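The values are calculated or read from the model by the stated rules, or taken from the named source; none is laboratory data. Everything numeric in this text was worked out from a predicted model, so none of it was measured. Here the Cβ positions follow ideal geometry from the backbone for every residue, glycine too, while neighbour counts run over all protein chains shown. Quick note on the areas: whole protein, heavy atoms, side chains included, nothing else; ligands and nucleic acids left out. Shrake-Rupley method; radii C 1.70, N 1.55, O 1.52, S 1.80 Å.
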Amino acid sequence: MEESGQVFDLAIVGGGINGCGIARDAVGRGLSVVLFEKGDLASGTSSASTKLIHGGLRYLEYYEFRLVREALAEREVLWGLAPHIVWPLRFVLPHHPGLRPAWMLRLGLWLYDHIGGRRLLPPTRTLDLRHDPAGQPLRPGYGRAFEYSDCWVEDARLVVLNARDAADRGAAIRPRTRVTGARREAGLWVIESEHEGRPETVKARALVDAAGPWAGEVLDVLKTGRGEAHAPLRLVQGSHIVVPRLYAHERCYIFQNADGRIIFAIPYEGDFTLIGTTDRDFSGHPEDVHATPEEVAYLCAAASEYFAATIAPEEVVWTYSGVRALYDDGAGAAQSATRDYVLALDAPEEGAPLLTVFGGKITTYRRLAEAALTRLAPHFPHLGAPFTATAPLPGGDFPRQGYDTLVRALRGAFPALDPALLARLARAYGTSAFQLLDGVSDDDDLGDWFGAHLCAREVDYLMDREWAETAADVLWRRSKLGLRTAPHAVEALDAYMAARRA
């Protein structure tokens, strides 16, 4: 087994949003960092969200005021750090006379507007659905609605950009590298890993378990000699469906259901509508999760309660599902389990510290990372000051509302290229699109095409800069071009990437 001579300050297990966020924060504050992810970055829960940066309106019903306040404040912070992949949305909440009363909705939205330090996002307003375009796709009978603000995020890209920035600052990011064992020895963690059949051992002064639904499995392989109990995790499955676009306008809907749950309907990738999510307890292996026929039927039926057009399971063009690893607070129903995070520190007097991350949500990942470094700070007296609230993520160094200006700049720099391609690249890569296209004069410089405006030049960039290795990495995590890519093009893309890796 190969043993690295380097001793890292911090080793992190888990390449989702929490692990990559902690890696970026730690390396930017002066620590040496190595991150292990057994699959592709964001290949688990972090690419299976509803793609929202939001406070969580329904969490107010469970008195999660600290979590909601922190999440609301993060909306405008993250929008400023990555305006290419984060942008504002307006949500329409129709009043359903048989469910929560209007006064309760107004009170909740008043709190939503005022407890999170909202400065730039528009406030709540009341709509008359009989005259507002938001009422047109809905069934007759819905007269009043409330419209409020939250934000969208390209979730898997947020993960990769945190990893990219961490790597640019010096972190060792190791996807497709499984941790096979770890033990405390002489005040350090000795960590055994395997990548493509090649074992390696490294050492670290502290270890973070940010493996999400696999956090319990990671604890099981740690040879600490302290008899850790199984992780207090509650695994909850959330599934989404994608259907052909249901309405013309750009606003989203949030619908109350009779069972107490809520679902969203969101314009998605231009030609589609995203509907989700479900909340059900999950048992089994997280990598085997998939949207069940019952969940698909539930989402279709719940949306059909509101939309004038009935949505049938046969209309679903894609589904995705993920397992959220929530801290088990003993709540009865899955939808009422806390989405707050808990950081458990095991720091024996003579041994290296272990920090385990339970729970959390994508909106508060940056605050979670800061909290994790605060817990570890006594073990790193030279830790630098926090910086992630103001340092843009890669490609995000342009004004919050500067996307259109960025697109115009790309068109000016690359006038021979398709404007639709440039608009998509600006949205995916921000100012890094200039780096991706450096030296390109016309389509011939972009190489082979794989359909859906995907060219070899972009694939090369994703392989060189964003750790992509397979067609699925490109089509379903670095982008959602898989919705428009034919099977033969997927095969050609996989063959191209395999040949380039060889």
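Taking the conditions exactly as written (of a type outside the set (S, T, N, Q), out of contact with any Leu (no Cβ under 8 Å at 6 or more places or on another chain) and within 14 Å of L10 (Cα to Cα)), does P399 satisfy them or not? The answer is no for P399. The set of residues from segment 464-490 being of a type outside the set (A, V, I, L, M, F, W, C), assigned to a helix (DSSP H, G or I), open to solvent by 10 Å² or more (accessible area, probe 1.4 Å) and in contact with a helix residue (DSSP H, G or I) (Cβ under 8 Å, 6 or more places away or on another chain) comprises R465, R477, G482. Looking only at residues that are in a loop (DSSP other than H, G, I, E, B) and within 14 Å of the chain's Cα centre (by Cα) in segment 23-49, which one is farthest from E192 (Cα to Cα)? That would be S49. Of the residues R75, R29, R69, the single one that is over 26 Å from A163 (Cβ atoms), out of contact with any Asp or Glu (no Cβ under 6 Å at 6 or more places or on another chain) and of a type in the set (D, E, K, R) is R69.
Candidates Y461, Y429: the one that is open to solvent by less than 10 Å² (accessible area, probe 1.4 Å), aromatic (F, W, Y) and out of contact with any Asp or Glu (no Cβ under 7 Å at 6 or more places or on another chain) is Y429. Which members of segment 1-38 meet the condition of being out of contact with any Ser or Thr (no Cβ under 9 Å at 6 or more places or on another chain), at pLDDT 95 or above and open to solvent by 30 Å² or more (accessible area, probe 1.4 Å)? If the condition is that a residue be out of contact with any Ser or Thr (no Cβ under 9 Å at 6 or more places or on another chain), at pLDDT 95 or above and open to solvent by 30 Å² or more (accessible area, probe 1.4 Å), then G30, S32 are the ones that fit. For segment 360-375, the condition of being open to solvent by 30 Å² or more (accessible area, probe 1.4 Å), touching a residue at least 40 places away in the same chain (Cβ under 8 Å), in contact with a Pro (Cβ under 9 Å, 6 or more places away or on another chain) and not small (G, A, S) holds for at least one residue. Exactly one residue among V86, V77 is at pLDDT 95 or above, open to solvent by 30 Å² or more (accessible area, probe 1.4 Å) and more than 30 Å from A308 (Cα to Cα), and that residue is V77.
Among the residues of segment 131-179, the ones that are in a loop (DSSP other than H, G, I, E, B) and aromatic (F, W, Y) come to 1 in all. Would you mention how many residues in segment 387-402 are open to solvent by less than 80 Å² (accessible area, probe 1.4 Å) and within 20 Å of R164 (Cβ to Cβ)? Summing the residues that are open to solvent by less than 80 Å² (accessible area, probe 1.4 Å) and within 20 Å of R164 (Cβ to Cβ) in segment 387-402 gives 10. For segment 347-357, check the following and say yes or no: at least one residue is under 24 Å from R164 (Cα atoms), in contact (Cβ under 8 Å) with a residue 24 or more places away in the chain and in a helix (DSSP H, G or I). No, segment 347-357 contains no residue that is under 24 Å from R164 (Cα atoms), in contact (Cβ under 8 Å) with a residue 24 or more places away in the chain and in a helix (DSSP H, G or I).
Selection of segment 245-272 for residues being touching a strand residue (DSSP E or B) at 6+ places or on another chain (Cβ under 9 Å), open to solvent by less than 50 Å² (accessible area, probe 1.4 Å), part of a loop (DSSP other than H, G, I, E, B) and within 23 Å of I85 (Cβ to Cβ) yields H249, R251.
Scanning segment 115-126 finds one or more residues that are more than 28 Å from A347 (Cβ to Cβ), open to solvent by 10 Å² or more (accessible area, probe 1.4 Å) and hydrophobic (A, V, I, L, M, F, W, C). In the set G141, G181, G170, G197, only one residue is over 30 Å from L354 (Cβ atoms), over 21 Å from the mean Cα position of the chain (by Cα) and of a type outside the set (A, V, I, L, M, F, W, C); that residue is G141. Taken as a whole, segment 77-100 holds no residue that is over 26 Å from L274 (Cβ atoms) and outside any loop (DSSP other than H, G, I, E, B). In segment 382-405, is there at least one residue being aromatic (F, W, Y), in a loop (DSSP other than H, G, I, E, B) and in contact (Cβ under 8 Å) with a residue 40 or more places away in the chain? Yes - at least one qualifying residue is present in segment 382-405. Annotation: of all residues in segment 320-358 being under 25 Å from P94 (Cβ atoms) and of a type outside the set (K, R), the one that is modelled with the lowest pLDDT is S336.
Could you say whether any residue in segment 105-112 is assigned to a loop (DSSP other than H, G, I, E, B) and either touching a residue at least 24 places away in the same chain (Cβ under 8 Å) or more than 19 Å from A308 (Cβ to Cβ) (or both)? No, that holds for no residue. Checking the structure you have, find out if any residue of segment 438-455 is open to solvent by 10 Å² or more (accessible area, probe 1.4 Å), assigned to a helix (DSSP H, G or I) and closer than 22 Å to R157 by Cα. Looking for residues that are open to solvent by 10 Å² or more (accessible area, probe 1.4 Å), assigned to a helix (DSSP H, G or I) and closer than 22 Å to R157 by Cα, one finds none in segment 438-455, hence no.
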